[in-house]
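Peer 1: Structure in structure tokens, see below.
The values are calculated or read from the model by the stated rules, or taken from the named source; none is laboratory data. None of the values given here were measured: they were computed from a predicted structure. Quick reminder, even Gly has a Cβ in these numbers, built from the backbone with ideal geometry, and neighbours come from all protein chains shown. The area values use the complete protein model at the heavy-atom level, side chains included, leaving out ligands, DNA and RNA. Shrake-Rupley method; radii C 1.70, N 1.55, O 1.52, S 1.80 Å.
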Amino acid sequence: MTAKTLGRNLDILDKYHKYADMAELRVDCLDPDERLLIRRFPEQAGMPVILTIRRDSDGGHFVGGEGARISLMARGLAYAETDRRHNFAYLDIEEDLNVTSLEEAARTFGTRIIRSYHNIKGTDADLPVKIRSMRRSGDEIVKVSVTANSTEDVINLLRAGKECEEQEKILISMGHLGIYSRILSEQFGSFLSYCSAISEPDTPPAAPGQIEVRELASLYRFRNITKATKVYGVTGYPLKATDSPHFFNTVFDMEESNAVYVPFPADSITDFMEIAKELNIEGISVTVPYKEAVIPFLDFQSDEVRTIGACNTLTLTPQGWLGTNTDTKGFSDSLLTFLGRSNFKRQHITVIGAGGAARAVAFELHRLGAKVLILNRTVHKARRLAAPYKFAWGGLDEQGIEKMDKYRDIIIQTTSAGMEGINPDNSSSDPAAMYNFCGREEVMDLVYKPKITAFLKRASNAGCNIQNGYDMLIRQARYQYTQFTGKEFPEHFFSRVQFGET
Ligand code: NAP
């Protein structure tokens, strides 16, 4: 609870009551006058409350002296009642704070001590030693909250948790790279996870990387996650925004399967594969920039992966990691359905781009009998992609665009040029601006955000039929679901399962 007044915190608690099991009152976030009125908060909150007054050096907002902070803690514990629900249930005391009288008072009236350590700069090397040495008496819960500057930092925290399995503790990897430590508390060996009502304008997250309370409870079904829960997820970097958790978790929820799908931002694919082993992850979606880099970690791979050299799906099998590529079938299913066709025989098609997505597209166009021209800004990449299939190729220049005259039944745009957030000035958002649509072309753009790129808009204005990449995205995710679970995608869920913004 990080609002500035107790009243506002209570309003928020009221609104989000059903998503949380306990509350942490961050007294350091309150206005100074409000801090004097904290004693009755547990009774008003109606759920167990942690009393925390975090110093600024530990990532909090309390800038007064230690004497003032201790007095405030004592005020929170004062006049303890025999009905324990009216007292603070937990008191957070930093490991370097030594006030025996405070701790004794807490213990006498059943307030448990959370002995905490924060590192807002990084992750310490000797975590198992730290976790074991922090606890001063048997009923304390040790809290170690350290910042993940790398995926290796998260591995170290996870391993430390396993080494100290017998101990009651809270382990958090702060920041974006450690976001999954807040969802997979069970797997990290944590007693609880902290989250915030971030969607409220005046309640900032209490620490970097915190997840919105409703999202943690409803989307990730945090309360249902146990050690037996099957863990799936998506890895990439920076992986700031991904809609895949929404898609998969909605399906898992509807079919009531004991499974969760988690974002795993990772700054190194090698370290992420260690995380996958430590967390017993059973299926992984792979996105930018690891679709190629992940291949050396595969124990076996599908024909598509071998030919294309890109893998977007990892499935754990008894023989190890199987690598597949669902972009291929996702693409061809989508385009064939759009055109009402069953193959591309006698179709003359231009593919714009020669990156990872274009490789999946070229593979399918060849498999389904198309005659293809590949055009790319960097010409040698177009030549390299075209060669094994004996496709025509060229640059996105006058000469290349002229070649399109013979390959204009279907035009497929696979570059990221028109993608949201890529070209803020919109100057290069249409990668084939020199091409004039005649109006009879069927046009597909793999980009789905925005819904209509500058390229698609121009095609539509000329009278062409157009399709964006959203349908392909859904279809490739459905193939991933089958790959992960060994089951057909439950089609009757389809209308209810959507990626966020389409
Ligand atoms: P990638 O491997 O990084 O390739 C990027 C491609 O875009 C390259 O051909 C690059 O040309 C070209 N490019 C980038 N900016 C350009 C510009 N301003 N003008 C002309 N060409 C430009 O990326 P990718 O994995 O292929 O992804 C490409 C797009 O497809 C992304 O927007 C992605 O979201 C989308 N996609 C959609 C789905 C789906 O399910 N709908 C699936 C996969 C990918 P150079 O070689 O000259 O750099």
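Peer 1: Please specify each residue of the stretch 19-52 satisfying the condition of being assigned to a helix (DSSP H, G or I) and hydroxyl-bearing (Ser, Thr, Tyr).
Peer 2: Answer for the stretch 19-52, where residues must be assigned to a helix (DSSP H, G or I) and hydroxyl-bearing (Ser, Thr, Tyr): just Tyr19.
Peer 1: Is it the case that the stretch 246-259 has a residue that's surrounded by 18 or more Cβ atoms within 10 Å (Cβ to Cβ), within 13 Å of the ligand (Cβ to nearest atom) and touching a residue at least 40 places away in the same chain (Cβ under 8 Å)?
Peer 2: Scanning the stretch 246-259 turns up at least one residue that is surrounded by 18 or more Cβ atoms within 10 Å (Cβ to Cβ), within 13 Å of the ligand (Cβ to nearest atom) and touching a residue at least 40 places away in the same chain (Cβ under 8 Å).
Peer 1: Among the listed residues Gly189, Gly209, which satisfies the condition of being on the phi > 0 side of the Ramachandran plot and at pLDDT below 95?
Peer 2: Gly209
Peer 1: Do the conditions hold for Thr315, that is, is it away from the ligand (no atom under 16 Å from the Cβ) and open to solvent by less than 20 Å² (accessible area, probe 1.4 Å)?
Peer 2: yes
Here's the yes/no breakdown for (1) surrounded by 18 or more Cβ atoms within 10 Å (Cβ to Cβ); (2) of a type in the set (D, E, K, R):
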{"residue": "Met273", "(1), (2)": "yes, no"}
{"residue": "Glu282", "(1), (2)": "no, yes"}
{"residue": "Ser285", "(1), (2)": "yes, no"}
{"residue": "Lys291", "(1), (2)": "yes, yes"}
{"residue": "Asp299", "(1), (2)": "no, yes"}
{"residue": "Asp303", "(1), (2)": "no, yes"}
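Peer 1: Which residue pairs have Cβ atoms closer than 7 Å, lie 6 or more positions apart in sequence or on different chains, and pair a first residue in the stretch 459-482 that is under 18 Å from Glu420 (Cα atoms) and within 11 Å of the ligand (Cβ to nearest atom) with a second residue that is outside any loop (DSSP other than H, G, I, E, B) and open to solvent by less than 20 Å² (accessible area, probe 1.4 Å)?
Peer 2: Cβ pairs passing all conditions: Gln467/Met444; Asn468/Asp445; Asn468/Leu456; Gly469/Asp445; Asp471/Ser334; Met472/Gly330; Met472/Phe331; Met472/Ser334.
Peer 1: Could you tell me how many of the residues in the stretch 366-386 are hydrophobic (A, V, I, L, M, F, W, C) and either within 14 Å of the ligand (Cβ to nearest atom) or out of contact with any Phe, Trp or Tyr (no Cβ under 6 Å at 6 or more places or on another chain) (or both)?
Peer 2: Qualifying residue count for the region: 6.
Peer 1: Looking at Ala148, Ala125, Ala105 in this structure, which one is modelled with pLDDT of 95 or more and either surrounded by 15 or more Cβ atoms within 10 Å (Cβ to Cβ) or within 30 Å of Ala266 (Cα to Cα) (or both)?
Peer 2: Ala148
Peer 1: Is one or more of the residues making up the stretch 210-226 in a loop (DSSP other than H, G, I, E, B) and open to solvent by 30 Å² or more (accessible area, probe 1.4 Å)?
Peer 2: Looking through the stretch 210-226, at least one residue is in a loop (DSSP other than H, G, I, E, B) and open to solvent by 30 Å² or more (accessible area, probe 1.4 Å).
Peer 1: Filtering the stretch 326-353 down to residues that are open to solvent by less than 10 Å² (accessible area, probe 1.4 Å) and assigned to a loop (DSSP other than H, G, I, E, B), which residue is nearest to the ligand (Cβ to nearest atom)?
Peer 2: If we take residues in the stretch 326-353 being open to solvent by less than 10 Å² (accessible area, probe 1.4 Å) and assigned to a loop (DSSP other than H, G, I, E, B), then Gly353 is nearest to the ligand (Cβ to nearest atom).
Peer 1: Output the number of the condition that Gln210 fails; it satisfies all remaining conditions of (1) more than 21 Å from the chain's Cα centre (by Cα); (2) closer than 26 Å to Leu13 by Cβ.
Peer 2: The failed condition is (1).
Peer 1: Here's a follow-up. Just checking: which of the helices (runs of 4 or more DSSP H) contained wholly in the stretch 377-488 hold 1 or more residues that are closer than 30 Å to Glu256 by Cβ and either in contact with a Lys or Arg (Cβ under 7 Å, 6 or more places away or on another chain) or open to solvent by 10 Å² or more (accessible area, probe 1.4 Å) (or both)?
Peer 2: So the answer is 470-485.
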